[in-house]
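Asks: Following this message is one structure expressed as structure tokens.
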Ligand code: SAM
Ligand code: SF4
């Protein structure tokens with residue numbers, strides 16, 4: 001088979017065309033649903049170097065991967081991230097890669113937004129869970145709302161093809177801001193996705209008490225807006241609705257209430273170079289081991305990735321009342 005053709009097909013006939021790569025487990029925020037107040041981060045030697053990340057992304061994109069999302073932790077706190085993005089961006093000329101995207105908390109966007117567009121980043125997702133300064137601080141523990149809003153402005157000016165906000169909605173925390181967050185997105189011509197909280201890693205609150213389903217969020221939105229189900233797809237797990245009289249799309253990421261496994265087209269690579277075949281299961285392959293044992297041997301790496309398709313599970317099985325079922329934090333896995 002020639003290079004760049006789709007070669008990643010699992011036992012259930014699903015084609016893998018999307019990779020999410022976590023480039024750091026570190027972050028300048030400590031969001032309550034994502035991290036503990038005190039976190040121990042990985043020692044440097046366990047983290048893939050930027051060169052290793054590029055090598056890995058090249059292997060995936062030569063195997064037919066069309067979309068790469070760089071995430072973390074907070075990807076923009078990693079040194080030389082702009083160089084990394086430009087190197088991955090170049091793969092669009094030589095491999096199947098069509099779209100390069102990034103997920104960020106927005107705190108560093110004033111510094112990086114223009115560089116990211118120049119590097120070939122097409123779209124970005126920015127997390128925003130509250131428009132109230134005190135609450136934003138409480139949810140992120142260390143974040144500053146004004147800095148993030150300024151980052152969103154910088155991103156708008158920089159000229160990404162599309163910007164999407166991500167909001168994790170939690171009962172008793174921010175479920176009363178569902179409509180205000182949508183209005184903010186509409187006013188700024190952004191899309192927005194509402195995310196159900198997932199039981200990844202240990203956190204200090206009881207997740208079943210804060211859990212807010214996408215159906216509840218949708219009901220709230222329908223009191224204020226006319227929403228039409230959209231067929232729009234971005235290659236990710238969101239289900240989309242279109243607003244009447246606005247370009248903004250409203251999405252829902254609902255791992256509990258609307259399982260999206262049957263159409264899953266993605267895999268994740270952790271900060272340590274572990275290939276995770278499913279967000280909610282532990283099946284994985286140690287790609288860092290292969291890269292470090294056989295430096296420069298891209299064919300061997302590609303074969304390991306092809307072989308991994310045999311262990312991609314059929315689906316995940318989250319249960320919010322059992323906490324935590326997966327001991328990895330989202331920051332290690334990459335959201
Ligand atoms: N730091 C960046 C950010 O916050 O956007 C990128 C990494 S973060 C892990 C990616 C996404 O995962 C964010 O939108 C965040 O809100 C979401 N997230 C983190 N922990 C989560 C959890 N337990 N359940 C659902 N979403 C979560
Ligand atoms: Fe950091 Fe993103 Fe996790 Fe918040 S959700 S702690 S910003 S990695």
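The values are calculated or read from the model by the stated rules, or taken from the named source; none is laboratory data. Computed from a prediction, not measured in an experiment: that's the story for all the values here. For neighbour counting, all protein chains shown are included, and Cβ atoms are generated from backbone atoms with ideal geometry for every residue, glycine included.
Asks: It is to be established whether one or more residues within the range 19-42 are more than 16 Å from ligand 2 (Cβ to nearest atom), closer than 26 Å to residue 127 by Cα and either without any contact (Cβ under 8 Å) to a residue 12 or more places away in the chain or not in a helix (DSSP H, G or I) (or both).
Replies: Among the residues of the range 19-42, at least one is more than 16 Å from ligand 2 (Cβ to nearest atom), closer than 26 Å to residue 127 by Cα and either without any contact (Cβ under 8 Å) to a residue 12 or more places away in the chain or not in a helix (DSSP H, G or I) (or both), which makes the answer yes.
Asks: In the list 244, 224, which residue meets the criterion of being within 21 Å of residue 165 (Cα to Cα), modelled with pLDDT of 95 or more and surrounded by fewer than 18 Cβ atoms within 10 Å (Cβ to Cβ)?
Replies: Going through 244, 224 in turn, the sole match is 224.
Asks: Identify all residues within the range 252-273 that are modelled with pLDDT of 95 or more and outside any loop (DSSP other than H, G, I, E, B); write none if there are none.
Replies: 269
Asks: Now a separate question. Does any residue of the range 44-54 turn out to be within 16 Å of ligand 2 (Cβ to nearest atom), over 26 Å from residue 159 (Cβ atoms) and more than 17 Å from the chain's Cα centre (by Cα)?
Replies: Within the range 44-54, the subset within 16 Å of ligand 2 (Cβ to nearest atom) is 47.
Then keep just the ones that are over 26 Å from residue 159 (Cβ atoms); that gives 47.
Checking the rest, the ones that are also more than 17 Å from the chain's Cα centre (by Cα) come to 47.
So far as the range 44-54 goes, yes, one or more of its residues are within 16 Å of ligand 2 (Cβ to nearest atom), over 26 Å from residue 159 (Cβ atoms) and more than 17 Å from the chain's Cα centre (by Cα).
Okay, residues lined up against (1) modelled with pLDDT of 95 or more; (2) within 16 Å of ligand 1 (Cβ to nearest atom); (3) crowded, with 19+ Cβ neighbours inside 10 Å:
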{"site": "30", "(1), (2), (3)": "yes, yes, no"}
{"site": "33", "(1), (2), (3)": "no, yes, yes"}
{"site": "43", "(1), (2), (3)": "yes, no, no"}
{"site": "51", "(1), (2), (3)": "yes, no, no"}
{"site": "66", "(1), (2), (3)": "yes, no, yes"}
{"site": "75", "(1), (2), (3)": "yes, yes, yes"}
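Asks: Going by what's in this entry, would residue 62 be described as over 18 Å from residue 16 (Cα atoms), more than 16 Å from ligand 1 (Cβ to nearest atom) and over 20 Å from the mean Cα position of the chain (by Cα)?
Replies: No; evaluated as a whole, the condition is false for this residue.
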